[in-house]
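Accompanying notes for the structure given below.
The values are calculated or read from the model by the stated rules, or taken from the named source; none is laboratory data. What you see is a predicted model; the values in this text were computed from it and never measured. Protein only, heavy atoms only, side chains kept; ligands, DNA and RNA dropped before computing areas. Shrake-Rupley method; radii C 1.70, N 1.55, O 1.52, S 1.80 Å.
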Amino acid sequence: DIRNDNGIQMRSRAEKNSPIQESIHDHAHHHLSTNNNNTFWQTWNALIFRYKWRIIFFWVLIIWPLGIFSLPRFTQATDGSFHPVPGSPSANAIELHKEAYGLKSDNPN
């Protein structure tokens, strides 16, 4: 048991150089560091770089044809009109706007 001048226990020289102690310290430091986000992006970039051709082929052979196939069906199933709930503030605002500018009202009320 070695203590410094302030009475704090210190490790011996042999313990400082122990590979197990260094490994535990490095592991704990890695999880407590604030660079975990940076490590994530480094790993992500390495994976993308490693599998770049597979990713490109996936996009070209799967995603783009799926989008081309789905786009006409999506546009047929949706429209760009706005139909507010009757009596809601949005419906009242639309009615006031139409009255103020002399536009034809769609509301049968």
Self-check item: Probe 1.4 Å - accessible area at Leu47, Å² to nearest ten
Solution: 80 Å²
Quiz item: Counting only protein chains, not ligands or nucleic acids, how are Tyr101, Tyr51 ordered by accessible area (probe 1.4 Å), most first?
Solution: Tyr101, Tyr51
